[in-house]
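None of the figures in this text is laboratory data; all of them are computed from the coordinates on show. None of these values were measured; they are calculated from a predicted model. With ideal geometry, Cβ positions are generated from the backbone for all residues, glycine too; neighbour counts draw on all protein chains shown.
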Amino acid sequence: MRRAEVTTLTLLVAAIAGVGAGGASAVAGVGSALGATAAGAVALVFVRNRFRSWRYLERDEDLIVTRGVLFRRLSVVPYGRMQFVDVTAGPVERSFGLATVKLHTAAASTDARIPGLEGDEAGRLRDRLSALGEARAQGL
Amino acid sequence: MTPHAPDAPWQRLHPLSPVVRLGRVVVPLLVLVAVSSPRGGGSDASLVVEDVALVVVAVVVGVVQWLVTRWRIEGATLRIETGLLRRDSRQLPVARIQAVDVIRPFAARVLGLAELRIRLAGSGAAKGRLAYLAEPVAQDLRARLLAAHHGLDMATPEPPELPITAVPAGRLVGSVVLSAPTLVSVALAVAVVAAASVSRAVAVGLGGALVAYLIGRARMAWRRVAEQYGFTVGHAPDGIRIRRGLLSTVAETIPVRRVQAVRRIEPLLWRPLGWCRLEVELAGSAGGDQGTRAGTVTRALLPVGFDAEARVLTRGILGIEGVPLSPPPPRARLKAPFSYHFLGAGHGQDVAVGVTGRVCKVTCWVPLDKIQSVRRVQGPLQRRLGLATVHVDAAGRRVRAQFRDRSATEASRLLEELAGQARQARRARPESLDFGAGRGAPPPPGAALHGTGPERARRGLDPQD
């Protein structure tokens, strides 16, 4: 399985948040600074786990996407069922050169989102998915 | 592929259709006028002028609308053009039809008119509307569209219909009475009586709430009875035929292959009587013209009926006798103490079934070739217990069969198995945008889908006994 490339993003965000929180609370006291650091560390672990849970696997006939730490989800989406592929990049994502690929099927509950892909990989995945989707397209 | 008839000449809607449309507009308008007139300071004469002006405007709009709307069949598409300033031309490819309805509102029924509504996947109801046509024209057009949908010559006469079942009025009324809101009303009434012995003011307040609730409830009940009155389900080679309605009648035709999922609902109060409700999900959104998201429309297949009737219908649509269901492991009781008694799921060669519900038992069938995606979800408690839920999604919102709280290993195995079987099912019944026959009887090998004459090509489900 390939891992989504988001470590840089999450690590940086966590570090900035930790530094920022530490700086702000140093005025109030060392205790709160330590607390903020601890919270930052917890957040870091949380974010790291969350990041690790995002994985995807391209198979011959379908795409597998997993996510979630507490609630673990694994979706299997056949290429033929794909209605369209979305590539979005928010401002934060864009500043790190990342993008999110989302697959839509006719079922609203299909939940196949791959966040934090590098721009090139997102483009490659999008092209591959749409090519495969077209080749195996199925009516409703 | 399609019987290419020379393009028919343009046709208009029935000249009386503005009258029916106006009937709908004029009545609220008159009410509005009647309500506003006592308050208006003007003299009677000016009010009358206003009224007349309003009616004239409405009439002109109606007539212009009729003048600019026309339709015709071009090869394998139905084309509808409308609009005066903003011309709107719609092409409805018959191969993509999801359902064809003939709707007759009361006013139209009196005048012998009917509305034809053609539903395509992902389109709003407004898109394929022809309101109104003379009744025989509407029937004929429906037959032609459905014939073309199944890849036949459009002139093929409408195949005969085999009645499956009907819902007597008494049972329908009983089903409306025996519902959760009735329990609420009874509870409220008891509360009123109890409160009356304590304090008059509270009793009056509660009584008011009860009356308001009852009025709303009665309207809903009336609507349900009026909509589902005289419900008959029949089965024809071109699809399931449903007729219903008290004042305005609706005749629906649902091509069997277009069914995304079948749901069977057994509420608590109905269970002692052995009643259940059957619904089907079809692609195409219920309203609005949002194009990107494919929604589904829920159609009652049987508003209230007995187990045997429901069985015949599900067998007719899914083409299977029954799928053995298995309950989740006993430790799932800890996770789902209130629904464990109903939980069960299974899958066969063609279909996946999941049973859920705490008080109201809901069984959902999803044909394997309609599966959009398969998901495995595991919450924290489920992980501790070694359980997982597998969702089998079909097109639409929250349309899915759930394998709730299966053991984790079974869930992983199911995921692979269902994904693989769905793939095979799609291959076995390649449903491209081409024409297809009924699900129950796959075409005999070698038989072309078209040009084999009406008898052979118009096959579909085997008649149910």
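Between the stretch B:167-225 and the stretch B:350-383, how many Å separate their Cα centres? The stretch B:167-225 and the stretch B:350-383 have Cα centres separated by 34 Å. The simple Förster model, with R0 at 56 Å and r as the Cβ-Cβ distance, assigns B:ARG79 and B:VAL198 a FRET efficiency of 0.20. Once the C-beta distance of A:ALA135 and B:GLN349 is scaled by a Förster radius of 35 Å, the resulting FRET efficiency is 0.85 to the nearest 0.05.
Extension gain, B:VAL110 to B:VAL173, is 20.1 nm, computed as 0.36 nm per intervening residue step minus the present C-alpha separation. Distance between the C-alpha centers of the stretch B:67-88 and the stretch B:401-430? Whole Å please. Value for the Cα centre distance between the two parts: 45 Å. Among residues other than B:ARG217 whose Cβ falls under 14 Å from its Cβ, what is the net charge (Lys/Arg +1, Asp/Glu -1)? Every neighbour counted, the sum reads +3. Distances between placed amide hydrogens fall under 5 Å for B:LEU120 paired with B:GLN98, all partners being 5 or more residues away or on another chain. R0 = 51 Å: FRET efficiency of B:ARG413 with B:ASP51, Cβ-based, nearest 0.05? FRET efficiency, B:ARG413 to B:ASP51: 0.10. If you rank B:ASP51, B:ASP350, B:ASP307 by fewest surrounding Cβ atoms within 10 Å, what's the result? Ranking B:ASP51, B:ASP350, B:ASP307 by Cβ neighbours within 10 Å, fewest first, gives B:ASP307, B:ASP51, B:ASP350. Note on A:57-65: average number of Cβ atoms from other chains within 10 Å of each residue's Cβ is 2. Would the stretch A:56-135 count as rounded, prolate or oblate if I go by the C-alpha gyration tensor, calling it rounded below 1.5 in a/c and otherwise prolate when a/b exceeds b/c, oblate otherwise? The shape class here is oblate.
Distance from the C-alpha centroid of the stretch B:238-286 to that of the stretch A:76-126: 36 Å, rounded to the whole angstrom.
Remark: spin-label model distance B:SER326-B:ARG397 equals 3.5 nm, labels positioned 7 Å along the Cα→Cβ axis. 3J(HN,Hα) along the stretch B:229-242, derived from phi through the Karplus expression 6.51 cos²θ - 1.76 cosθ + 1.60 where θ = phi - 60°, amounts to 4, x, 5, 10, 10, x, 9, 10, x, 8, x, 7, 10, 10 Hz, with x in place of Gly and Pro.
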